[in-house]
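The values are calculated or read from the model by the stated rules, or taken from the named source; none is laboratory data. These numbers come from a predicted model, not from an experiment. All Cβ positions, glycine included, derive from the backbone under ideal geometry; neighbour counts span all protein chains shown.
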Amino acid sequence: MKSTIKLSKKLKSELRKQKNHPQETYQTVIARLLKNIKQDDMLSEEKIKEIEEGIADIKAGRVCTKEQLKKKLGLK
């Protein structure tokens, strides 16, 4: 099934820059970009656990300022 969509000149230019080769279709470019977005937006179980641990540290007051950390590490 074929559909037509309207694109601004600016967006079409941005899509053209994303082509891997001149003959690549816009459909392929858009599909690749959407696939990459989906992969980038997904958080692994490990990352979710790390975020939850970070939130728990903040709530428990286990944080310090950048200045405090520099002093602790002996940095200026």
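A search for C-beta distances below 8 Å between a residue of segment 1-21 that is over 16 Å from L34 (Cβ atoms) and any residue that is exposed (fewer than 10 other Cβ atoms within 10 Å of the Cβ), counting only pairs 6+ apart in sequence or on different chains, returns nothing. Among the residues of segment 6-49, those identified as outside any helix (DSSP H, G or I) and at pLDDT 90 or above are K6, L7, S8, Q18, K19, N20, H21, P22, Q23, E24, T25.
Of all the criteria given as (1) surrounded by 12 or more Cβ atoms within 10 Å (Cβ to Cβ); (2) over 22 Å from the mean Cα position of the chain (by Cα); (3) of a type outside the set (A, V, I, L, M), the one not satisfied by H21 is (1). Among the residues of this structure, T28 counts as one that is surrounded by 10 or more Cβ atoms within 10 Å (Cβ to Cβ) and of a type in the set (S, T, N, Q). Residue count for segment 27-76 under the criterion of being closer than 30 Å to K2 by Cβ and touching a Lys or Arg at 6+ places or on another chain (Cβ under 8 Å): the result is 1.
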